[in-house]
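Structure first, then comments.
The values are calculated or read from the model by the stated rules, or taken from the named source; none is laboratory data. Computed from a predicted structure; not experimentally measured. No Cβ is skipped: glycine too gets one built from the backbone with ideal geometry, and neighbour counts run over all protein chains shown.
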Amino acid sequence: MAENALLQAVKVSKAYDGVQALIDADLTLKACEVQALVGENGAGKSTLIKIITGAVQQDEGELFFNGEPVVNNSPALSKSLGIAAIYQQPALFPELTVAENIALGREAGNIFGLINWNNRRRTASELLGRVGAKIDPETLVSELSMPQQQLVEIARALGADAKILIFDEPTASLSEEDTQNLFRVVRELRSAGVGIVYISHRLEELPQIADRVTVLRDGRTIETREMDVVSSEELIRLMVGRDLSAVFPKRPVALGDVVFELKELGSRSAGIHNINLAIREGEIVGVAGLIGAGRTELARTIFGLAEPDHGEILLRGRPIRIGHPQEAIEYGIAYLPEDRRRHGVVLDFPISSNITLASLKKLSGFAGMDFGREREVAEEYTRRLGVKTPTIYNAVSTLSGGNQQKVALSRWLMTKPSVLILDEPTQGIDVGAKAEIHDLMMEIAEKGVAILMISSELPEILGMSDRIAVMCGGTIATILDRENATQDKILSIALGHLADNNRDEIQPL
Amino acid sequence: MRFSRYKREISAAIAFALLLMIVAVVAPSFFNGGNIRDLVINNAPALILAIGMTLVILVGQIDISIGSQFAVCSLAAGVLAKTGIPLPLLVVGVLLIGSLMGALNGALIGRLRLPSIIVTLAMLVLWRDGLRWITEGAWVQDLPGNFQWFGLSQQLGELVIVGVAALLFAVFAWSLRNLVIGRKLYAVGSDTEAARLAGIDTPKVVFGVFVVMGALTGVAAFLNAIRFSSIPGNTGVGLELKAIAAVVVGGAAISGGRATLVGTLVGVALLGTIGTALTFLGINPFWEKAIQGAIILVALVSDAALDRLGKNGKLDRAGARAA
């Protein structure tokens, strides 16, 4: 046991559906300290936080609070210990007043459950004062701005006697001024003895606020360093520093004409702007970027799920308008969505109906649906893509993640697309199935399909893409060539660092 | 053919068979021709409504306004009949009125994404009280002779009613299984967002289902109206609950994505027979509603139990397997 540690996680491991999210991760937080937690998407930060706040339980390892082991952690237990988390999106009740939100969960009322309204207002004012927020406790939360809501959340945590505060990307959507105000509050909390875990992708702000920094990578704790002796470059290296162990089946494909082009495309509702990109037949363009950079939003805008309000989409040089997914499909655009389990397939449907769902027109005849043809098609695709199942009539919910993804992919191949958008095609599936999907991608590209592949896994991006579009802040910051791309470079750009020594290799498109 | 696929329909059928067996032993006079004929005629309009309700529930929605729509269509049929317009025109008119009311529901629920329970609750009250305000509760009486039983003999008229119901049942059951639109209904009900991402125009599907529900309500109202010489102002009260109950007893999931018309047929038969059966068994028919309620509860509980079994991988979910 480390001495005077407020919170300690020792060799914590956690797996979801067989995918290891955390492996022997350690974290030690002292009182009066701000500890930054950094790592790529999927490095295990969220899982570690969830274990600390009791949202999920670790499979192995132990958690200590003030040296005492925390057994059977739950949200209620962690709250009673004084652990509170502040997320990027404030989790307040918008239709209640600030005072009511702050009071929730901390006051019990008198023995009849009656509320002392004066008390409630007074406490709320006091707590708001402590976080430097000039907000009337009687305001409805829905009337507050995002930064104000964040301060209310901190005040609520303080009201619940928080000893440990966890900030998850608190500045992601704050202005510079609000960020500075937040930092001031964080520093005051620190001097008041609160231990703070601070998660952020903005590496440049860490020296201003953090005392120490812990780097997570692939579910493991890589290192904990004093903040004043580590540079951003070093942090980035620690975050990505894994070897490209996986072998990707990338083969050179003769590129054809430009199939698909985006010109200054943007959508306010989707939060993307000024996107320029052209994809050629047989080309795989990887889309890298952090969560919230607008990658999925770009895919949804192309597929007619979000409305573009400027720029244009060109298909083989002709401008097209896509208002609905069915129009996108008619234009030969296919979109394999991110969240397979929720929307990529209809879980209750058999494999066969899932494969044909986007091509039902092709099965429609005078005497109703051609079930014989459906069976042939489904059998062909399950064989070609190697879906492991006893029959094509088994419900997709009975398949493993990798096989579900193959069914989802079959559905789009059946539409004979000329543009295929893959959103995290191998997320959460096992290594073997991953390799098979990468093989399939090559086969599809060789048939002349233009592929846009969104992925949070840099090795996958580097291994499969001909070119790499790195997104940051809702637009494509840079497009890198396969030869020039490295993990460090992609991550720096994704984080908003455009280091000068990279400039000459960056080519606008 | 896998029977596990239809286990809910089969359990409803078994319950119906049990009821018939009990009646056969205790009160065999139940099975006389006149009684059976009455039962079939009485339940034909209910079956037509339940067909529509099956589609509505299949896409994950609900329509509790059909009782009031039924009243509007019935009275409209009566009023139109008294103007003396030809029967085919009258039928078209009633169908149109029903479809329009359905389209209004469909537009609000499908296009504007309003919750169906609230929209149709509003319509339930609106149509019912609008009607009361216009008619002041009066019945439509002295219907012309060529309206009742289509101007045919009662026997032929009854045959036509049952024929229409049977035909509609066959057409919808076949379409649900064999047409692309059927597959789309199952997809929308199973996972609306997944259906949308697969390029299905989900608002249009939901809109269409409510239009069909309205049209079928018109058909049911018309077929019911021609059986009597007058139409009461409060006709159709509670029909929506009857239809929903029949669909649920027939094995449909109220959350959508699972329903078969065969199940609905069994549900209509089971719930529609109970009342008469009680009389024959010498039980006070006041128990009818209570027993219907109990049957619905049993159906729901066994449904949940079957689902839990299914989660353990022993059984798979039915309905969507229309392939």
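Which members of the stretch A:333-359 meet the condition of being facing chain B (nearest Cβ under 8 Å), of a type outside the set (Ser, Thr, Tyr) and in contact (Cβ under 8 Å) with a residue 40 or more places away in the chain?
A:Pro337, A:Gly344, A:Val345, A:Val346, A:Leu347, A:Asp348, A:Phe349, A:Pro350, A:Leu357, A:Ala358
Restricting attention to the stretch A:199-252, which residues are over 23 Å from the mean Cα position of the chain (by Cα) and basic (Lys, Arg)?
Result: A:Arg212, A:Arg225, A:Lys250, A:Arg251.
Condition first: within 13 Å of the chain's Cα centre (by Cα), at pLDDT 90 or above and among the acidic types (Asp, Glu). Can you find one or more residues in the stretch B:49-64 that meet it? Can you show your working first?
Here is the first cut: in the stretch B:49-64, the residues within 13 Å of the chain's Cα centre (by Cα) are B:49-58, B:62-64.
This time we only want the ones that are at pLDDT 90 or above, so: B:49-58, B:62-64.
Applying the additional criterion that residues be among the acidic types (Asp, Glu) yields B:63.
Yes, the stretch B:49-64 contains a residue that is within 13 Å of the chain's Cα centre (by Cα), at pLDDT 90 or above and among the acidic types (Asp, Glu).
Kindly establish whether B:Ala320 is modelled with pLDDT under 90 and buried (at least 23 other Cβ atoms within 10 Å of the Cβ).
Values: modelled with pLDDT under 90: yes; buried (at least 23 other Cβ atoms within 10 Å of the Cβ): yes.
In short, yes.
Just name the residue that is surrounded by the most Cβ atoms within 10 Å (Cβ to Cβ) out of those in the stretch A:360-386 that are of a type outside the set (A, V, I, L, M) and facing chain B (nearest Cβ under 9 Å).
For the stretch A:360-386, the residue satisfying everything is A:Glu374.
Against the definition (of a type in the set (Asp, Glu) and in a strand (DSSP E or B)), how does A:Glu234 come out, yes or no? I'd like the intermediate steps shown before the answer.
Values: of a type in the set (Asp, Glu): yes; in a strand (DSSP E or B): no.
No, not satisfied.
Please determine, by comparing only the residues of the stretch B:257-289 that are outside any helix (DSSP H, G or I) and without any contact (Cβ under 8 Å) to a residue 60 or more places away in the chain, which one is surrounded by the fewest Cβ atoms within 10 Å (Cβ to Cβ). Quick ask: steps written out before the conclusion?
Going residue by residue through the stretch B:257-289, those that are outside any helix (DSSP H, G or I) are B:257-260, B:282-284.
Filter once more, keeping what is without any contact (Cβ under 8 Å) to a residue 60 or more places away in the chain: B:283-284.
Values: B:Ile283: 12, B:Asn284: 8.
Of everything passing the filter in the stretch B:257-289, B:Asn284 is surrounded by the fewest Cβ atoms within 10 Å (Cβ to Cβ).
Assuming A:Gln20 fulfils every condition listed in (1) within 23 Å of A:Leu158 (Cα to Cα); (2) under 24 Å from the mean Cα position of the chain (by Cα); (3) at pLDDT below 90 apart from one, which condition is it?
That leaves (1) as the condition not met.
Evaluate the stretch A:314-327: report whether one residue or more is in a helix (DSSP H, G or I), within 14 Å of another protein chain (Cβ to nearest Cβ) and within 24 Å of A:Val258 (Cβ to Cβ). Before you say what the answer is, go through the steps one by one.
Kept after step one, since they are in a helix (DSSP H, G or I), are these residues of the stretch A:314-327: A:325-327.
Keeping just the survivors that are within 14 Å of another protein chain (Cβ to nearest Cβ) gives A:325-327.
Now restrict to residues that are within 24 Å of A:Val258 (Cβ to Cβ): A:325, A:327.
Within the stretch A:314-327, one or more residues are in a helix (DSSP H, G or I), within 14 Å of another protein chain (Cβ to nearest Cβ) and within 24 Å of A:Val258 (Cβ to Cβ).
When the stretch A:387-412 is examined, which residues are found to be away from chain B (no Cβ under 11 Å), among the hydrophobic types (A, V, I, L, M, F, W, C) and surrounded by fewer than 24 Cβ atoms within 10 Å (Cβ to Cβ)? Walk me through it before giving the result.
First, pick out the residues of the stretch A:387-412 that are away from chain B (no Cβ under 11 Å): A:387-390, A:399-407, A:409-410.
Now restrict to residues that are among the hydrophobic types (A, V, I, L, M, F, W, C): A:387, A:399, A:407, A:409.
The one that is away from chain B (no Cβ under 11 Å), among the hydrophobic types (A, V, I, L, M, F, W, C) and surrounded by fewer than 24 Cβ atoms within 10 Å (Cβ to Cβ): A:Leu399.
Which residues, counting only those in the stretch A:37-52, are touching a helix residue (DSSP H, G or I) at 6+ places or on another chain (Cβ under 8 Å), under 20 Å from A:Leu63 (Cβ atoms) and outside any helix (DSSP H, G or I)?
In the first step, residues of the stretch A:37-52 are kept if they are touching a helix residue (DSSP H, G or I) at 6+ places or on another chain (Cβ under 8 Å); the result is A:37-40, A:43, A:52.
Add one more test, that the residue is under 20 Å from A:Leu63 (Cβ atoms), and what stays is A:37, A:39, A:43, A:52.
A:Leu37, A:Gly39, A:Ala43 - these are the residues of the stretch A:37-52 that are touching a helix residue (DSSP H, G or I) at 6+ places or on another chain (Cβ under 8 Å), under 20 Å from A:Leu63 (Cβ atoms) and outside any helix (DSSP H, G or I).
Filter the stretch A:425-479 down to the residues that are hydroxyl-bearing (Ser, Thr, Tyr) and under 17 Å from the mean Cα position of the chain (by Cα) and list them by number.
Taking the stretch A:425-479 first, the residues hydroxyl-bearing (Ser, Thr, Tyr) are A:426, A:455-456, A:465, A:475, A:478.
A:Thr426, A:Ser455, A:Ser456, A:Thr475 - these are the residues of the stretch A:425-479 that are hydroxyl-bearing (Ser, Thr, Tyr) and under 17 Å from the mean Cα position of the chain (by Cα).
What helices (runs of 4 or more DSSP H) lie completely within the stretch A:139-220 and have 3 or more residues being crowded, with 16+ Cβ neighbours inside 10 Å? Walk me through how you get there before you give the answer.
On the way: elements: A:146-159, A:176-191, A:206-209.
Those helices (runs of 4 or more DSSP H) span A:146-159, A:176-191.
Under the condition of being under 19 Å from the mean Cα position of the chain (by Cα) and not aliphatic (A, V, I, L, M), which residue from the stretch B:97-127 is surrounded by the fewest Cβ atoms within 10 Å (Cβ to Cβ)?
Among those that are under 19 Å from the mean Cα position of the chain (by Cα) and not aliphatic (A, V, I, L, M), it is B:Ser99.
Which one of A:Val229, A:Val253 is of a type in the set (A, V, I, L, M, F, W, C), farther than 26 Å from A:Leu29 by Cα and outside the structural domain of A:Pro319 (by TED's automatic domain parsing)? First the steps, then the outcome.
Numbers: A:Val229 fails: farther than 26 Å from A:Leu29 by Cα.
A:Val253 is the lone residue from the list that is of a type in the set (A, V, I, L, M, F, W, C), farther than 26 Å from A:Leu29 by Cα and outside the structural domain of A:Pro319 (by TED's automatic domain parsing).
In contact with a strand residue (DSSP E or B) (Cβ under 7 Å, 6 or more places away or on another chain), in a loop (DSSP other than H, G, I, E, B) and outside the structural domain of A:Arg202 (by TED's automatic domain parsing): which single residue out of A:Ala293, A:Ala278, A:Ala288 fits that description? Spell out how you get there, then give the answer.
Numbers: A:Ala278 fails: in a loop (DSSP other than H, G, I, E, B); A:Ala288 fails: in a loop (DSSP other than H, G, I, E, B).
Criteria check complete, one pass: A:Ala293.
Would you confirm, using the coordinates I've provided, whether A:Ala378 is in a helix (DSSP H, G or I), within 29 Å of the chain's Cα centre (by Cα), at pLDDT 90 or above and of a type in the set (Gly, Ala, Ser)? Working first, answer last.
Working: in a helix (DSSP H, G or I): yes; within 29 Å of the chain's Cα centre (by Cα): no; at pLDDT 90 or above: yes; of a type in the set (Gly, Ala, Ser): yes.
No: the conditions fail for A:Ala378.
Looking at the stretch A:59-81, can you tell me whether even one residue there is touching a His at 6+ places or on another chain (Cβ under 9 Å) and not in a loop (DSSP other than H, G, I, E, B)? Walk me through it before giving the result.
The initial filter retains those residues of the stretch A:59-81 that are touching a His at 6+ places or on another chain (Cβ under 9 Å), namely none.
No, every residue in the stretch A:59-81 fails to be touching a His at 6+ places or on another chain (Cβ under 9 Å) and not in a loop (DSSP other than H, G, I, E, B).
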